[in-house]
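Peer 1: Take this structure, written in structure tokens, and hold onto it; I'll ask about it next.
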Amino acid sequence: MRWVTYDGGDGPRAGLLEDETVRGLPAGTTLLSLLGDDGERLAAAADTARRDPAEVRAVGEVRLLAPIPRPPSVRDGLSFLDHLRGCYRALGRAPELHPAWSQAPAFYFGNPAAVVGPHDDVAIAPGSRMFDLELEVGAVVGRAGRDLHPDTAADHIAGFTFFNDWTARDHQMRDMAQGIGMGKAKDMAITLGPALVTVDELAPHLGPDGYAFEVAATVNGREIAKGSLAGMDWTWGEQLAYMSRGTDLVPGDVIGSGTVPGGCLLEHVDTADPAAYGGWLQPGDVVSLSSDALGATRQVVRPAPPMTPLRTGH
């Protein structure tokens with residue numbers, strides 16, 4: 001099943017995406033309200049959408065929103081350690097990683113209020129001159145859990161969608177210097193969409209090394225990265241088990257895979273001074289994430305809004 005949240009002119013509602021049409025559920029029905037079990041509600045809703053839809057619209061006639069427009073929480077992992085090694089190399093650092101990276105799956109909390117849809121414009125972060133994209137996949141929690149076991153934790157995933165945690169790299173350098181985690185570097189936009197593709201739909205792509213469907217990122221039509229989720233250093237089960245230690249994962253929570261190796265501009269920096277790199281995103285650039293399994297996003301980068309200094313010289 002491929003579920004979308006869309007607005008056809010009378011407010012957001014959930015719909016089943018089939019053959020370039022959206023088979024809508026009654027107005028006000030949300031995907032979040034269909035989660036919370038092992039998928040029975042989603043399956044029953046799909047049967048209703050096929051048999052007796054509230055409306056049928058061509059996908060090009062409606063605005064696609066993020067599948068979960070305001071998740072209860074957003075966590076972004078780093079399950080591809082080669083992405084981190086690639087960033088280190090681009091910055092002139094040795095690619096050897098601290099042992100902590102192999103002791104637990106790293107993650108940070110994102111901003112649910114920053115979630116945007118798959119075709120929404122994205123403004124550069126105020127004050128940033130090093131704006132970047134990140135090619136990731138997001139897992140949507142379908143069933144609540146706490147202190148999950150790594151062998152079964154992935155059973156709590158309802159499905160997957162694209163996840164682009166746009167990043168202001170210059171702000172990130174300041175965040176890292178302050179040492180308390182991600183702040184304004186990751187605060188402006190997180191793209192989810194175009195659809196929530198359920199785990200049963202993706203089952204043919206699941207192998208011993210994880211999901212093997214390809215994902216790609218382009219800027220102005222030029223491919224910057226292609227890869228798959230196969231061979232993640234931390235599996236989805238391990239990530240959900242770790243994230244649920246001593247706390248609840250709830251339906252609708254979104255968990256990012258971390259960047260597919262090569263899937264950000266930082267990994268392509270070719271100068272000793274990252275600020276001098278000529279490839280950072282600029283107003284008018286078109287960024288797309290695509291996959292035969294997940295669909296495609298397409299977003300235009302817009303100028304940064306004005307930034308009011310906090311103090312003189314800041």
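Peer 1: Neighbour counts of other C-beta atoms within 10 Å: give me M307, M188, M182 arranged from fewest to most. Let's see the in-between values first.
Peer 2: On the way: M307 10, M188 23, M182 18.
By the 10 Å Cβ count, ascending: M307, M182, M188.
Peer 1: Just to verify a number: FRET efficiency for R57 and D248, C-beta to C-beta distance, R0 = 45 Å, to 0.05?
Peer 2: Values: r = 36 Å, r/R0 = 0.80.
Calculated transfer efficiency: 0.80.
Peer 1: Compute the orientation-averaged projected area for the chain from the convex hull of its Cα atoms and round it to one decimal in nm². If you can, show how the numbers build up before the last one.
Peer 2: Working: hull surface 66.6 nm².
With every direction weighted equally, the projected area is 16.7 nm².
Peer 1: Moving on. Could you list T312, T259, T152, T167 in order of exposure, starting from the residue whose Cβ has the fewest other Cβ atoms within 10 Å?
Peer 2: On the way: T312 5, T259 32, T152 12, T167 26.
With the sparsest Cβ surroundings first, the list reads T312, T152, T167, T259.
Peer 1: Could you tell me the convex hull volume per residue, in Å³, taken over the Cα atoms of region 271-314?
Peer 2: On the way: hull volume 6.3 nm³, N = 44.
Looking at region 271-314, the number lands at 144 Å³ per residue.
Peer 1: May I pose another question? Is region 2-65 rounded, prolate or oblate when judged by the Cα gyration tensor, a ≥ b ≥ c being the square roots of its eigenvalues, rounded requiring a/c under 1.5 and prolate requiring a/b larger than b/c?
Peer 2: Details: a/c = 1.86, a/b = 1.45, b/c = 1.29.
Since a/c reaches 1.5 and a/b is larger than b/c, the shape of region 2-65 is classed as prolate.
Peer 1: Right, next: Could you grab the relative contact order for region 152-201? Cα pairs under 8 Å, six or more apart, rounded to a whole percent.
Peer 2: Working: 57 pairs, mean separation 24.7, N = 50.
Result for region 152-201 is 49 percent.
Peer 1: Sticking with this structure for a sec: From zero up to wherever the largest Cα-Cα distance of region 225-308 sits, split into 5 Å bins and tell me the percent of pairs in each.
Peer 2: In order of increasing distance, the bins hold 2, 10, 13, 16, 17, 15, 13, 10, 3 percent.
Peer 1: Another one. Please give the charge dipole size of region 144-220, origin at the Cα centre, charges +1 on K and R Cβ atoms and -1 on D and E Cβ atoms. Round to the nearest 20 debye. Walk me through the numbers on the way to the answer.
Peer 2: Details: 5 positive and 11 negative charges, 95 e Å.
Rounded to the nearest 20 debye, it is 460 debye.
Peer 1: Dipole magnitude of the chain about its Cα centre, charges +1 at Lys/Arg Cβ and -1 at Asp/Glu Cβ only, in debye to the nearest 20? Provide the component values of the computation, followed by the final result.
Peer 2: On the way: 26 positive and 41 negative charges, 192 e Å.
Charge dipole, the chain, about its Cα centre: 920 debye, nearest 20.
Peer 1: What distance in nm separates the simple spin-label points at M176 and W101, each placed 7 Å from Cα in the Cβ direction?
Peer 2: Roughly 1.1 nm, to one decimal.
Peer 1: Continuing with the same structure: Could you tell me the center-to-center distance, by alpha carbons, between region 240-262 and region 85-99 in angstrom?
Peer 2: So the two Cα centres are separated by 24 Å.
Peer 1: Additional query: Of A203, A168, A45, which is the most mobile in a GNM of the chain whose springs link Cα atoms less than 10 angstrom apart?
Peer 2: In the Gaussian network model the winner is A203.
Peer 1: Order 21-27, 271-277, 9-15 from most to least packed using the mean count of other Cβ atoms within 10 Å.
Peer 2: Numbers: 21-27: 19.0, 271-277: 12.1, 9-15: 17.0.
Output ranking for 21-27, 271-277, 9-15: 21-27, 9-15, 271-277.
Peer 1: If I take R0 = 22 Å and measure r between the Cβ atoms of D200 and D292 in this structure, what FRET efficiency does the formula 1/(1 + (r/R0)^6) give, to the nearest 0.05? Please list the in-between numbers first.
Peer 2: Working: r = 17 Å, r/R0 = 0.76.
Result of the calculation: an efficiency of 0.85.
Peer 1: Using a Förster distance of 30 Å, how high is the FRET efficiency between T312 and D121, based on the Cβ-Cβ distance and rounded to 0.05?
Peer 2: On the way: r = 32 Å, r/R0 = 1.07.
After rounding to 0.05, the efficiency reads 0.40.
Peer 1: To make sure I understand, if each residue's beta carbon is the centre and we count other beta carbons within 10 Å, what order do F213, F80 fall in, fewest to most?
Peer 2: On the way: F213 19, F80 23.
Taking fewest neighbouring Cβ atoms as first place, the list is F213, F80.
Peer 1: Oh, and also: Based solely on its DSSP helices, what 222 nm [θ] is calculated for the chain when runs of n ≥ 4 H residues each add -39,500 (n - 2.57) and the sum is averaged over all residues, nearest 500 deg cm²/dmol?
Peer 2: Values: 5 runs with 44 residues, N = 314.
When only DSSP H runs of four or more count, the value is -4000 deg cm²/dmol.
Peer 1: So, in Å, what gap is there between the alpha-carbon centers of region 34-49 and region 133-178?
Peer 2: Cα centroid to Cα centroid, the span is 24 Å.
Only the coordinates and a few stated rules stand behind these numbers; no lab work does. Everything numeric here is computed off the predicted structure, so don't read it as measured data. Note that we place each Cβ from the backbone using ideal geometry, even for glycine, and neighbour counts take in every protein chain shown.
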